[in-house]
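Following: one structure in structure tokens, then a few remarks.
What follows draws every value from the coordinates through simple rules; no lab data is involved. Quick caveat, the model's predicted, so the values are computed rather than measured. Neighbour counts run over all protein chains shown; Cβ positions are idealised from the backbone, glycine included.
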């Protein structure tokens, strides 16, 4: 019998979908390549030209919208929070993205890029979490922000 601390810290897409309620076209995490419960998570998002956002942003030069990069980072925080709490998403609550501070965009993300998403827990108070988040492509920062998320009952 294994416990959470002995678990291999890699998650394929099937495991990712157990920990996020998002689905196509809004599931923005392809794989988790490392995590430490209560501390940090490293995930990837592969950017392809057939992403739905590229039909309008922009048809002549596809660029991933910054809000989607932030959403991908927020989804990474959701996986880390659920793993840390030992829970899975359920019909009675949602893990909401509730705040963004210090967001910066350094370079465009384009089809063919593999975005590395790294999030670190800064603080947790009950169901409110604060994270330091960074997205990189080929080792270059493309986006950084401080994110706040909270688990809220919906019933």
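Quick one: if the Förster radius is 22 Å, what FRET efficiency do residue 37 and residue 152 give, using the C-beta to C-beta distance and rounding to 0.05? The pair residue 37/residue 152 has a calculated efficiency of 0.50. Counting every other Cβ atom within 10 Å of each residue's Cβ, 84, 77 order from fewest to most as 84, 77.
Would you kindly state how much longer the chain becomes between residue 107 and residue 8 on full extension, computed as 0.36 nm times their sequence separation minus their alpha carbon distance, in nm to one decimal? Intermediate values should be presented prior to the final figure.
On the way: separation 99, 0.36 × 99 = 35.64 nm, distance 3.28 nm.
Separation in residues times 0.36 nm, less the Cα-Cα distance, equals 32.4 nm.
Of the residues 67, 137, 122, the one that moves most in a GNM of the chain with alpha-carbon contacts below 10 Å is 67.
Just rank 9, 40, 153, fewest to most, by other beta-carbon atoms within 10 angstrom.
Going from sparsest to densest Cβ surroundings: 153, 9, 40.
Relative to the 2.2 N^0.38 Å rule of thumb, the chain has a C-alpha radius of gyration ratio of 1.02. Where does helix 66-85 land angle-wise versus the long Cα axis of the chain, in degrees 0 to 90, nearest 10? Roughly 20 degrees between the two axes. Going from the residue with the fewest nearby Cβ atoms within 10 Å to the one with the most, 35, 131 rank 35, 131. Approximating the spin labels as points 7 Å out from Cα along Cα→Cβ, the residue 27-to-residue 48 distance works out to 1.3 nm.
For the pair residue 126 and residue 92, a Förster radius of 22 Å applied to the C-beta separation gives a FRET efficiency near 0.85, rounded to the nearest 0.05.
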